[in-house]
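The structure under discussion appears below in the form of structure tokens.
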Amino acid sequence: MCGIVGYIGGQDVKDILLNGLEKLEYRGYDSAGIAVVNEAGVHIFKDKGRIAHLRTVVDESVLSTVGIGHTRRATHGAPNQRNSHPHQSSTGRFTIVHNGVIENELELRQEFLPNYNFISDTDTEVIAALIEHFVLC
């Protein structure tokens, strides 16, 4: 079962997000990730497996006080790094996590995003792509 943790505050966010995601481990998941924002942009760290493994891929030199984290149970696409959340739009302007299933994701892809180059096999990436599509229209 998926879980989301977010933080905006005065402390470095990485450990806060990772500790929060660890508290959600009992719910079950197959991959996890965090996105943190600073003056250099959005930094995404994600992979399949446990939060303990995710901690090994997080760059400790990236400092931020804003971020979001997600644990994922695969419904669309295999449990792997590229299908883990967070997902970004193609320009990187929009970064999202999402719990749930988008029932009409194939129709949305066909109608609004026929030439979009998807990186993942998830329905969640469709949300980021749609937001970008309609903002840029």
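Which condition number does Ile44 fail, the rest of (1) among the β-branched types (Val, Ile, Thr); (2) closer than 24 Å to Leu130 by Cβ; (3) more than 13 Å from the chain's Cα centre (by Cα) being met?
With respect to (1) among the β-branched types (Val, Ile, Thr); (2) closer than 24 Å to Leu130 by Cβ; (3) more than 13 Å from the chain's Cα centre (by Cα), Ile44 is out only on (3).
Would it be correct to say that Ser90 is under 13 Å from the mean Cα position of the chain (by Cα) and small (Gly, Ala, Ser)?
Answer is no for this residue.
Given the conditions (1) within 20 Å of Gly92 (Cβ to Cβ); (2) in contact with a Phe, Trp or Tyr (Cβ under 7 Å, 6 or more places away or on another chain), and given that Ile16 satisfies all but one, which numbered condition is not satisfied?
Only one criterion is unmet by Ile16, namely (1).
Can you find, within region 7-56, the residue that is farthest from Ile119 (Cα to Cα) among those that are surrounded by 16 or more Cβ atoms within 10 Å (Cβ to Cβ) and small (Gly, Ala, Ser)?
Gly20
How many residues are charged (D, E, K, R), over 19 Å from Thr95 (Cα atoms) and more than 16 Å from the chain's Cα centre (by Cα) when one looks only at region 23-41?
Adding up the residues that qualify gives 3.
Does Val135 qualify as being of a type in the set (A, V, I, L, M) and touching a Pro at 6+ places or on another chain (Cβ under 7 Å)?
no
Tell me, which strands (runs of 3 or more DSSP E) lie completely within region 25-137 with 1 or more residues that are touching a Phe, Trp or Tyr at 6+ places or on another chain (Cβ under 7 Å)?
The qualifying strands (runs of 3 or more DSSP E) are 31-38, 66-72.
Within region 57-82, which residues are closer than 12 Å to Asp30 by Cβ and surrounded by fewer than 16 Cβ atoms within 10 Å (Cβ to Cβ)?
Of everything in region 57-82, those that are closer than 12 Å to Asp30 by Cβ and surrounded by fewer than 16 Cβ atoms within 10 Å (Cβ to Cβ) turn out to be Arg73, Thr75, Ala78, Pro79, Gln81.
Output the residues belonging to region 101-120 that are within 13 Å of the chain's Cα centre (by Cα) and open to solvent by less than 70 Å² (accessible area, probe 1.4 Å).
Ser120
I'd like to know if region 127-136 contains one or more residues that are under 24 Å from Asp30 (Cβ atoms) and surrounded by fewer than 16 Cβ atoms within 10 Å (Cβ to Cβ).
So far as region 127-136 goes, no, none of its residues is under 24 Å from Asp30 (Cβ atoms) and surrounded by fewer than 16 Cβ atoms within 10 Å (Cβ to Cβ).
The values are calculated or read from the model by the stated rules, or taken from the named source; none is laboratory data. All of these numbers come straight from a predicted model, not from anything done at the bench. All Cβ positions, glycine included, derive from the backbone under ideal geometry; neighbour counts span all protein chains shown. These area figures cover heavy atoms from the full protein model, side chains too; ligands, DNA and RNA do not enter into them. Shrake-Rupley method; radii C 1.70, N 1.55, O 1.52, S 1.80 Å.
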